[in-house]
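The values are calculated or read from the model by the stated rules, or taken from the named source; none is laboratory data. Treat the numbers as computed from the prediction; the structure is a model and nothing was measured. Positions of Cβ are generated from backbone atoms using ideal geometry, with glycine treated the same way; all protein chains shown enter the neighbour counts. Surface areas here come from the heavy atoms of the whole protein model, side chains and all, with no ligands, DNA or RNA. Shrake-Rupley method; radii C 1.70, N 1.55, O 1.52, S 1.80 Å.
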Amino acid sequence: MKKNIFFLILMINSLFLAGTAGASVAGNYFKEAEQAAKNGDNQAAMQDYQEALDAGYNKGKVALALGGLYARSGDDAGAIKWLNTAQGESLSNDDALQADLSLGKIYYRNRDFAKAMEYLKDCLAIRPKYEEAHLNLALIYRDMKMYPEASLQMDSLARSKKLKFEYCLLKGQIYQDWGIYRKAGIYLGKAIIINAMSLDAHQSLAEVYFQQNDYGKALGEWKYVASLQPQALAYQKMALCLYNLTEKEKALASLLEAIKLEPNDYMNYALGGLIYSSGRDWEKALAQFNRALEINPGSQFALYGQGLCNLRLQKKLQAQISFQKTAELNNNSWMGSIAARELNNINGVK
Amino acid sequence: MKRIFSWFSIRIILTAVMLTVGYGSLSAAALNEEDLWLDYFWQEYLALPADQKPKVALVLGGGGARGLAQAGVLEVFSEEQLPVDLIVGTSVGALMGSLYAGGMPVADLVKMAQNMTWSKLVSLKFSPVGLYSTKKMEEYITRRIGDKNFYEMKIPFACVAVDIRNGEKVILRDGPVATAVRASATMPGLFEPVEYRHRLLMDGGIIDNVPVDVAKFMGADIIVAVDVSADIGLAKTNNSLLILSQVMYIRGTFLSQEQLKLADLVISPDVKDINVSELERGDECVDAGVVAARGKVREIKKLILNRVWDKLP
């Protein structure tokens, strides 16, 4: 009897030990996979995750990790497959949140807003104050031009200490897109107080000031943006601010900076044409519009400018050709209609 | 340590999200070719002598609390330097219009609309002809723009009321502004009528809620109307005040339809679900006014340019 009991204990023990050893092996594979993923060795990570799975590691956790790995490597189909597998397992709340959030982001990235929203709302069903879900929902609503809804999602982040900058920036940008510039300015200003180096915040604030016709402040912001990251567009916007501030020489100098950065951007020359036109220097304006058209013959803006300059220089035939082309490019547009009007004037048609 | 780690990791993840969705990339709007020429010609228009410019009228309709949206519309007009050569208003439109035409800075007008309460405008009276007196409204206007007569307004202004003795539409454009506005914004049954120049006046909305015709009489070349009428189907009707305002607005909406056809352009802020008495939703109203007006700026500029095209240098 004693002998039997001894063997029974021995058997249970060895079974237990075998199980522990198996779990430990699977755990090691999982840890190695995590490390490889961290080091960017996706191939090794995938292999180790598979080994962990084969060795009996928690299927939900492995699938979730693989989903994340595929998502990071840009294989959305693979990521969705693994994340759906994870969701089929019994996940903890935290893991379920991670799966839903990842799926939401993947579908958002692929512009499938309906599915993205479904998963993000699943996150909120688990944790109503989940900040990342609110933030991503706000981004989706913003893209869908549903600004009141986007703003409402952002309100859930209003008290977030962790995401104060993100809250102010995105809230400001939502108001900017919505066209409520007064409020946009307030939030973007707050974002800049938190992070004075944010290119995004300065850029958005520059746009807001420009839209409010506050060219002095807009110019200051664009200058700062150009100092953080020199780009032709910033110099073009600076030129427009200066042009509106009637500082035409400085505006032209700003365009020269833009040309240094993007010599083949037709807009650098088209804007030059606009500035010379406002000063009634039609010859120089025409030269600029001609150069713009060499680069982009399909620019309705430059074609109209060419026509206007020719008309003012009494070159009616050339003006007629330019206006004709402008109207033909898109006769439903306002530029098409004003070109057609000029054509009628030239032809004496009332 | 764990907290710091989680704080950093959240920020890193969010930054990655934002970069992935183009949030951190160059987000400046590319230049809009049409806007560039539109702004060019707009500057040419602004430089024209006054006598060569068309007379632009802004007609502000009635609608109780919804009318606070007009502060948002005026904010956009001011920012965009859109001309306002004449203002005609009814009821809350008369109130907002008088303050703007009287020289109140638009930023103050917006703040006022965001913080408006009934106690600033009316006081309980229990008179046989109305529960409330609107005398406070008169004082409110006077405090903000002074004790002005119509001829002293910075922008020519008129408002509309109805004489309840004979049902006549009265166009108020002479005498003290504050009293006239008070008369124009006096809802029947609730507010006591205003005795004014041998007439017994009440809310202009009874007879002409969006007085586009008045702007035409006054020589406007271009008329922009702001319609803040309600969605009648959405209105609450659970007390006598709301039923009364509902009756008034059913009539007003019906009459406005013809008036609005006379306008060159109509701005309709999305305030249809806001009740006539919900002044506490002022901020929402202002935003709706801004958004609606912003959406019409290009159209207004084109409309004006179209009229002066041959006069541009």
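Please tell me if A:Ala99 is within 23 Å of A:Ser73 (Cβ to Cβ), more than 11 Å from every other protein chain (Cβ to nearest Cβ) and either of a type in the set (S, T, N, Q) or buried (at least 20 other Cβ atoms within 10 Å of the Cβ) (or both).
It is true that A:Ala99 is within 23 Å of A:Ser73 (Cβ to Cβ), more than 11 Å from every other protein chain (Cβ to nearest Cβ) and either of a type in the set (S, T, N, Q) or buried (at least 20 other Cβ atoms within 10 Å of the Cβ) (or both).
If you go through segment B:165-202 one residue at a time, how many are within 21 Å of B:Ser123 (Cα to Cα) and without any contact (Cβ under 8 Å) to a residue 12 or more places away in the chain?
1
All but one of (1) under 29 Å from B:Ser268 (Cβ atoms); (2) assigned to a helix (DSSP H, G or I); (3) at pLDDT below 95 hold for B:Ala29; which doesn't?
In the conditions (1) under 29 Å from B:Ser268 (Cβ atoms); (2) assigned to a helix (DSSP H, G or I); (3) at pLDDT below 95, B:Ala29 misses (2) alone.
In the set B:Arg294, B:Arg298, B:Arg251, which member is within 11 Å of chain A (Cβ to nearest Cβ) and either at pLDDT below 80 or open to solvent by less than 40 Å² (accessible area, probe 1.4 Å) (or both)?
That would be B:Arg294, the only listed residue that is within 11 Å of chain A (Cβ to nearest Cβ) and either at pLDDT below 80 or open to solvent by less than 40 Å² (accessible area, probe 1.4 Å) (or both).
Considering segment B:38-66 alone, what residues qualify as being farther than 24 Å from B:Ile267 by Cβ, within 13 Å of chain A (Cβ to nearest Cβ) and in a helix (DSSP H, G or I)?
Hits for segment B:38-66 are B:Tyr40, B:Glu44.
Scan (1) in a helix (DSSP H, G or I); (2) touching a strand residue (DSSP E or B) at 6+ places or on another chain (Cβ under 6 Å) for the single condition B:Ala161 breaks and write down its number.
(1) is the only condition that B:Ala161 fails.
Conditions first: (1) under 25 Å from A:Glu221 (Cα atoms); (2) open to solvent by less than 50 Å² (accessible area, probe 1.4 Å); (3) without any contact (Cβ under 8 Å) to a residue 24 or more places away in the chain. A:Tyr119 passes all but one, so which condition is the exception?
Of everything listed in (1) under 25 Å from A:Glu221 (Cα atoms); (2) open to solvent by less than 50 Å² (accessible area, probe 1.4 Å); (3) without any contact (Cβ under 8 Å) to a residue 24 or more places away in the chain, A:Tyr119 misses just condition (1).
What is the number of the single condition among (1) buried (at least 19 other Cβ atoms within 10 Å of the Cβ); (2) within 12 Å of another protein chain (Cβ to nearest Cβ) that A:Cys168 does not meet?
(2)
Just to be sure I understand, how many residues within segment B:144-160 are among the small types (Gly, Ala, Ser) and crowded, with 17+ Cβ neighbours inside 10 Å?
Residues flagged as among the small types (Gly, Ala, Ser) and crowded, with 17+ Cβ neighbours inside 10 Å within segment B:144-160 amount to 1.
Within segment A:219-261, track down each residue that is within 21 Å of the chain's Cα centre (by Cα) and small (Gly, Ala, Ser).
Of everything in segment A:219-261, those that are within 21 Å of the chain's Cα centre (by Cα) and small (Gly, Ala, Ser) turn out to be A:Ala226, A:Ala232, A:Ala234.
Can you find a residue that is out of contact with any Phe, Trp or Tyr (no Cβ under 9 Å at 6 or more places or on another chain), among the hydrophobic types (A, V, I, L, M, F, W, C) and open to solvent by less than 50 Å² (accessible area, probe 1.4 Å) anywhere in segment B:161-173?
Checked against the condition, which is being out of contact with any Phe, Trp or Tyr (no Cβ under 9 Å at 6 or more places or on another chain), among the hydrophobic types (A, V, I, L, M, F, W, C) and open to solvent by less than 50 Å² (accessible area, probe 1.4 Å), segment B:161-173 yields at least one hit.
Considering B:Val88, B:Val84, which residue is over 16 Å from B:Glu278 (Cα atoms), of a type outside the set (S, T, N, Q) and not in a loop (DSSP other than H, G, I, E, B)?
Every option except B:Val88 fails the conditions.
Return only the number of the condition from (1) assigned to a loop (DSSP other than H, G, I, E, B); (2) within 11 Å of chain B (Cβ to nearest Cβ); (3) touching a Lys or Arg at 6+ places or on another chain (Cβ under 9 Å) that A:Lys161 does not satisfy.
(3)
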